[in-house]
Ligand code: CO8
């Protein structure tokens with residue numbers, strides 16, 4: 001194989017929300033709801049809402065805070081959703097702005113000019129709009145020739161996007177591809193839902209993938225990759241273009257992220273560990289050759305379980321780094337943010353795995369070796 005991860009780049013919003021801040025707002029909402037519905041709750045026709053807790057969130061998920069595009073809107077008990085100012089058609093769209101910033105960071109780290117890039121893939125859980133493609137808007141803003149397209153595979157958007165780029169390089173269609181993963185998740189989250197209000201944060205990450213001949217001995221050679229999907233309703237959002245035409249118009253809550261967290265945990269962990277071990281065998285790799293696993297960042301306990309199954313032993317924190325404490329779950333960007341933040345200390349020839357998993361279900365593996 002001849003594709004190389006040359007560099008990565010990151011964008012985060014300026015503001016973040018701690019568990020304590022989020023829980024204080026949620027609990028104020030619960031207190032008000034229960035007071036306003038006291039009679040109906042007493043009659044048994046309305047169910048009282050339970051408060052959230054920072055202790056539960058950190059223990060169940062490993063999350064301590066999350067970045068957001070608008071802290072004030074999220075923490076306003078009368079609103080509990082970020083405020084997004086509409087932009088004119090001739091202004092850069094919000095997710096394009098985030099993606100372009102991450103892409104510029106990746107290009108700068110590689111010392112590359114936009115003219116060196118042949119294609120842009122925008123891959124993420126949800127696109128801000130369907131057309132024109134977000135990737136084409138970003139391509140234009142960056143000043144890249146060639147072509148761009150959008151794709152979505154929920155939490156596996158990052159790895160599936162990279163694999164598309166790797167395949168384009170392997171087939172000679174492109175010599176340099178930018179994969180941009182803008183995950184603006186907080187507008188998709190129901191901040192009034194106790195089970196999920198803490199889970200997601202906003203971020204954008206970009207990966208520059210080049211042909212090895214152009215990479216000048218810098219970066220990470222891709223030594224194996226695979227994709228897997230298996231239908232499940234356990235993580236779902238019914239947001240879509242048909243909503244406005246449905247009679248009766250669907251409840252807005254149905255358009256937010258919902259999941260059966262326990263089922264996801266139980267079904268996805270063994271599925272992913274088995275996929276990684278099978279992929280390793282088919283690429284002639286062994287668990288003890290993996291210096292680091294950059295796993296999807298949904299839940300710290302999930303990552304501990306998957307990493308232990310893959311290594312076949314207890315492991316040190318830097319063998320499977322976690323970024324959930326600072327970022328929370330950033331959907332398709334998570335494993336790439338972990339890679340971006342924690343890829344130091346590798347000698348030439350040492351190997352690691354970038355692996356995503358989540359809604360779909362979907363899972364993607366990209367095995368890399370330091371040049
Ligand atoms: N505060 C206090 N207590 C709570 C809270 C809360 N906020 N929430 C639940 N509890 C209580 C429950 O009521 C329950 O109480 P009891 O035992 O009395 O019934 C107790 O805590 C335990 O509840 P759970 O069993 O639900 O808790 P878990 O330990 O399972 O933890 C998790 C919940 C964290 C959700 C966990 O199940 C998990 O992380 N599972 C994996 C989920 C996962 O990986 N999902 C992937 C989603 S990401 C993805 O695929 C991308 C989709 C696209 C994203 C789009 C962007 C928005």
Review point. If you build a Gaussian network model of the chain, linking Cα atoms that sit under 10 Å apart, which residue out of 257, 346, 357 swings the most?
Key: 346
Review point. How far is helix 94-110 tilted, in degrees, relative to the longest principal axis of the Cα atoms in the chain, given as a value from 0 to 90 rounded to the nearest 10?
Key: 30 degrees
**Study point:** Gaussian network model of the chain, springs between alpha carbon atoms under 10 Å - residue of 181, 205, 17 with greatest fluctuation
**Key:** 17
Review point. What is region 221-370's relative contact order, in percent, from Cα pairs under 8 angstrom and six or more apart in sequence?
Key: 35 percent
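Using Cβ counts within 10 Å as a stand-in for footprinting exposure, how do 113, 140 rank, fewest first?
So the residues, fewest neighbours to most, are 113, 140.
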Revision key, fill the gap. In whole µm²/s, the translational diffusion coefficient that Stokes-Einstein assigns to region 214-306, given a Kirkwood hydrodynamic radius over C-alpha pairs, 20 °C and 1.002 mPa s, equals 127 µm²/s
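What is the fewest-to-most order of 210, 316, 183 by other Cβ atoms lying within 10 Å of their Cβ?
With the sparsest Cβ surroundings first, the list reads 316, 210, 183.
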Exercise for review: Considering only 86, 51, 321, give the residue with the highest GNM mean-square fluctuation for the chain, with springs between Cα atoms whenever their separation is below 10 Å.
Suggested key: 86
**Study point:** Nearest 10 degrees, 0 to 90: helix 19-36 Cα axis against the chain principal axis
**Key:** 30 degrees
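For residue 167 and residue 245, calculate 0.36 nm times their separation in residues minus their Cα-Cα distance, and state this gained length in nm to one decimal.
The span from residue 167 to residue 245 would gain 24.2 nm if fully extended.
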Point to revise | Radius of gyration, Dmax [region 221-370; alpha carbons; angstrom] | key: 17.1, 60
Check your understanding: Using a ≥ b ≥ c from the Cα gyration tensor of region 1-52 (square roots of the eigenvalues), is it rounded, prolate or oblate, where a/c under 1.5 gives rounded and otherwise the larger of a/b and b/c decides, a/b for prolate?
Key -> prolate
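Averaging sequence separations of C-alpha pairs under 8 Å and six or more residues apart, then dividing by the length of the chain, give the relative contact order as a whole percent.
23 percent
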Practice item. Would you calculate, for the chain, the mean residue ellipticity at 222 nm contributed by helices, counting each DSSP H stretch of 4 or more residues as -39,500 (n - 2.57) and dividing by all residues, to the nearest 500? Key: -10000 deg cm²/dmol
Review point. Which value in Å does the Kirkwood hydrodynamic radius of region 104-246 take, with 1/r averaged over all unlike C-alpha pairs and then inverted?
Key: 16.7 Å
Review point. So for 199, 41, fewest C-beta neighbours within 10 Å to most, what's the order?
Key: 41, 199
Review point. What are the semi-axes of the equivalent ellipsoid for the chain, taken as the square roots of 5 times the Cα gyration tensor eigenvalues, largest first, in whole Å?
Key: 36, 25, 18
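No value in this document is a laboratory result; all are computed from the given coordinates. If you're wondering where the values come from, they're calculated on a predicted model, not measured in any experiment. Neighbour counts are summed over all protein chains in view; Cβ atoms, including those assigned to glycine, are modelled from backbone coordinates with ideal geometry.
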